[in-house]
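The values are calculated or read from the model by the stated rules, or taken from the named source; none is laboratory data. What you see is a predicted model, and the numbers here were worked out from it, not measured in a lab. Glycine also receives a Cβ, built like all others from the backbone with ideal geometry; neighbour counts cover every protein chain displayed.
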Amino acid sequence: MNAIKKPGGILLTILSSVFILFGVMSCQQGADPVTEAPVTPHPLFEVLPADAEDPEDNIRTPERVDLGHKLFFEPKLSRSGIISCNTCHVVGAAGVDHRERAIGEGARVGPRNSPTVYNAAFLKAQFWDGRSPTLEDQAMGPIQAHVEMDLTPQEAVDRLRQTGYMPYFEAAFPDEENPLTFENVAKAIAAFERTLLTPGSKFDQYLEGNHEVMTEIELAGMQLFQESGCASCHHGPLLGGNMFMEFSHIGGEDVGRASVTGSESDNFVFRVAPLRNVAQTFPYFHDGSAATLEDAVAVMGESQLGRTFNDEEVEKLVAFMHTLTGEFPMIPHPSLPRVQTP
């Protein structure tokens, strides 16, 4: 008995073949589609690197980073034995102490707000006035500063030797006959600080091509940030941090970079603040005078751009700045040597 062929079946087969053919052609033509960014990023914006470059004279090793980790938390590097680097640059609080100005030895109040230690590896100059060119040079300053930790280099070295740090310095600097030096204290701390990076923010993901990651208000904030001129100073991988600008509207006795250069043209000139993790690093400015990010945005608009942002604009800019918060590494409190040696 012959099977009956249904015309509808033949038609369905033909149509299916056509759809498959066009589907294949469509997939081939549309392979790896390029999604256009809703807001074109400023050409000077950069993704935050996931690692920092070491100077030739301070290549990181696990032993050196471990030593630096210990020294960063070591209160014996202060005269009272109470204050450590982590006191003002709290790694569990975005690298700051959330005070207007730092408090050091003898409850002395420092002249400036503590900047975050996170991503400091990418700065070309350290401190608000840019007086130190490297992390190594910067690390020596607070230990010796009367208002901060208040030790001489020799006192610092003697304390570490008496506390049982020598084996850690020998492991961190194996090729040196006398590894426990003040210079190596600074090198170890700097090596540790080069691990304090926060990549992976929504902003970084957007720059890398994930154009779905930011919300409408965040994108509007980025566009306003660019169009209003904020990006003229706040760009690069840190969105700031590598140039100096006059910031005189606050006034006061702190003349900023002029205290380093001695030049009147540098009066009230300060390093432009990097904006990475800025939503977490309150209060703001070199004197901590802006309590909230909204306050800081309003002040910067008027003082640096000659513009008064309305409430809606401030909301957009703040929303964008929240996208600059990256992924913080887990930094536990280390076990510190406490072996007394003669």
Picking from 72, 127, 169, which residue would you name as being under 17 Å from residue 288 (Cβ atoms) and either aromatic (Phe, Trp, Tyr) or assigned by TED's automatic domain parsing to the domain that holds residue 238 (or both)?
127
Would you pick out the residues in region 146-180 that are surrounded by 16 or more Cβ atoms within 10 Å (Cβ to Cβ) and in a loop (DSSP other than H, G, I, E, B)?
147, 148, 149, 150, 151, 163, 165, 173, 179, 180
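So which residues in region 80-109 are within 11 Å of residue 147 (Cα to Cα) and crowded, with 17+ Cβ neighbours inside 10 Å, if there are any at all?
Of region 80-109, the ones within 11 Å of residue 147 (Cα to Cα) are 102-109.
Listed by number, the residues that qualify are 102, 103, 104, 105.
Would you say residue 51 is at pLDDT below 95, outside any helix (DSSP H, G or I) and either farther than 20 Å from residue 196 by Cα or not hydrophobic (A, V, I, L, M, F, W, C) (or both)?
On the way: at pLDDT below 95: no; outside any helix (DSSP H, G or I): yes; either farther than 20 Å from residue 196 by Cα or not hydrophobic (A, V, I, L, M, F, W, C) (or both): yes.
No, not satisfied.
For region 180-221, give me each residue that is of a type in the set (Ser, Thr, Tyr) and over 16 Å from residue 40 (Cβ atoms).
Here is the first cut: in region 180-221, the residues of a type in the set (Ser, Thr, Tyr) are 181, 195, 198, 201, 206, 215.
181, 195, 198, 201, 215, listed by residue number.
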Restricting the search to region 278-306, which residues are surrounded by fewer than 19 Cβ atoms within 10 Å (Cβ to Cβ) and of a type in the set (A, V, I, L, M)?
279, 291, 299, 305
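Can you tell me which residue among 215, 198 is touching a residue at least 12 places away in the same chain (Cβ under 8 Å) and in contact with a Pro (Cβ under 9 Å, 6 or more places away or on another chain)? Spell out how you get there, then give the answer.
On the way: 215 fails: in contact with a Pro (Cβ under 9 Å, 6 or more places away or on another chain).
198 is the lone residue from the list that is touching a residue at least 12 places away in the same chain (Cβ under 8 Å) and in contact with a Pro (Cβ under 9 Å, 6 or more places away or on another chain).
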Checking residue 217 against (1) in the same structural domain as residue 298 (by TED's automatic domain parsing); (2) outside any loop (DSSP other than H, G, I, E, B); (3) crowded, with 17+ Cβ neighbours inside 10 Å, which test does it fail?
(3)
For region 215-233, how many residues meet the condition of being closer than 16 Å to residue 319 by Cα and in contact with a Gly (Cβ under 9 Å, 6 or more places away or on another chain)?
2
Would you check which residues across region 238-275 are surrounded by 19 or more Cβ atoms within 10 Å (Cβ to Cβ) and assigned to a loop (DSSP other than H, G, I, E, B) and list them?
238, 239, 240, 241, 247, 257, 272, 273, 274, 275
